[in-house]
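Written out below as structure tokens is the structure these notes cover.
Every read-out reported here was derived from the displayed coordinates using simple, explicitly stated rules and does not represent laboratory data. What you see is a predicted model, and the numbers here were worked out from it, not measured in a lab. Here the Cβ positions follow ideal geometry from the backbone for every residue, glycine too, while neighbour counts run over all protein chains shown.
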Ligand code: ASP
């Protein structure tokens, strides 16, 4: 047993998932996408690549997949636009990068990494982030690139529901709301990294920023503790400082990643928030708890067994 431990966990969003609305074909599409993401990250880790490279790559695969609410397939804002958020963190250096509300970036996670590596800042927003992208040779895409009929239809449904009700409580299907993506990894050198990318919430007001690009809320990584990526009602994850809180429980209370993530998720739930997190620690221990009926998720370790799941 001289094998070095490594591992990768990915998620594609958590939410109320109506099992009856999920056909075997649809389930297969999601599981195949998660597996493709895992395989891309696994290949990097297996050949001794960094956890940072692995999480960026795994997230890019899901950003490019129109079924997830990140990159292509991002949801619509109330203005009928797309505004994307992403962040990445390197557990070895505690360096982090984030972009918020970008509208013309095909792979926000890669721009977040560029912010981390090529700027002296942690987060860049909107037009400033896109100017930075241009300066660094990142091609901008038209808003049309992000369009999918499914997200458009969902937006119409939400606007309809908003007209009838009090404007706040919409009954939406999982496909209407969810699909944020994220990845956490441990590499053979023992370094951790985390990445999260999203289109945010459907019909959000322009300018709204969720937890995904906020370091400590939706994303956190520290080699001394663990790497975390969250999905769910962003406002609650921000208020709970969820991702960093998990790391803090590991650091200061010596909790396992399983105990720490469940504790913090209970805190989020008490505030009224739903969602889930994926976590991995230095030893390769993984936790994937969620308080919704489902979370698109998958994991793989050094043994190369790919596991993908949706429901409890
Ligand atoms: N957390 C994301 C946000 O609030 C949404 C999600 O994960 O479904 O932007």
Inset, instruction - Write down Rg/Rh for segment 100-164, rounded to two decimals, with Rg from the C-alpha atoms and Rh from the Kirkwood relation over Cα pairs. - result: 1.14
Inset, instruction - Take the Cα atoms of segment 1-77, build their convex hull, and give its volume per residue in Å³. - result: 123 Å³
Inset, instruction - Please arrange 148, 196, 81, 23 by counting, for each residue, the other beta carbons lying within 10 Å of its beta carbon, fewest first. - result: 23, 81, 148, 196
Legend entry - Full-extension gain in nm, residue 251 to residue 140, via 0.36 nm per residue minus C-alpha separation: 35.9 nm
Legend entry - For segment 269-312: Kirkwood Rh in Å [reciprocal of mean 1/r, alpha carbons]: 11.8 Å
Inset, instruction - Could you line up 255, 111 from fewest to most neighbouring Cβ atoms inside 10 Å? - result: 255, 111
Legend entry - Choice from 239, 297, 262 showing the highest fluctuation, given a GNM over the chain with Cα pairs closer than 10 Å: 239
Legend entry - Candidates 107, 69, 285: whichever shows maximal mean-square fluctuation once the chain is modelled as a Gaussian network with Cα springs under 10 Å: 285
Inset, instruction - Just need log10 I(q)/I(0) for the chain at q = 0.10, 0.14, 0.15 Å⁻¹, Debye formula, equal scatterers on the alpha-carbon atoms, no solvent, rounded to two decimals. - result: -0.47, -0.96, -1.11
Inset, instruction - For residue 79 and residue 118, compute 0.36 nm times the residue count separating them, minus their Cα-Cα distance, and round to one decimal in nm. - result: 10.8 nm
Inset, instruction - Please report how far the C-alpha centroid of segment 212-250 lies from that of segment 64-130, rounded to the nearest whole angstrom. - result: 17 Å
Legend entry - Beta bridges by DSSP in the chain, antiparallel share as percent, to the nearest 5: 90 percent
Inset, instruction - For segment 184-305, state what percent of all Cα-Cα pairs lands in each successive 5 Å bin, counting from 0 Å until the bin that includes the largest distance. - result: 2, 13, 23, 25, 19, 10, 5, 2, 0
Legend entry - Residue-averaged [θ]222 nm for the chain, counting only DSSP H segments that reach four residues, each worth -39500 (n - 2.57): -11000 deg cm²/dmol
Inset, instruction - Give me the distance in nm between label points sitting 7 Å out from Cα along the Cα-to-Cβ direction at residue 47 and residue 291, one decimal. - result: 4.2 nm
Legend entry - Descending semi-axes in whole angstrom, ellipsoid equivalent of segment 64-211, from the Cα gyration tensor: 29, 17, 13
Legend entry - Solvent-free Debye scattering, log10 I(q)/I(0), computed from the Cα coordinates of segment 74-127 at q = 0.15, 0.16, 0.21 Å⁻¹: -0.40, -0.45, -0.69
Inset, instruction - Based solely on C-alpha atoms, express the radius of gyration and the Dmax of segment 1-147 in angstrom. - result: 16.5, 56
Legend entry - Sorted by Cβ neighbour density within 10 Å, fewest at the top, the residues 145, 296, 252, 236: 252, 145, 236, 296
Inset, instruction - Please build a GNM for the chain, connecting alpha carbons under 10 Å apart, and tell me which residue among 298, 216, 137 fluctuates the most. - result: 137
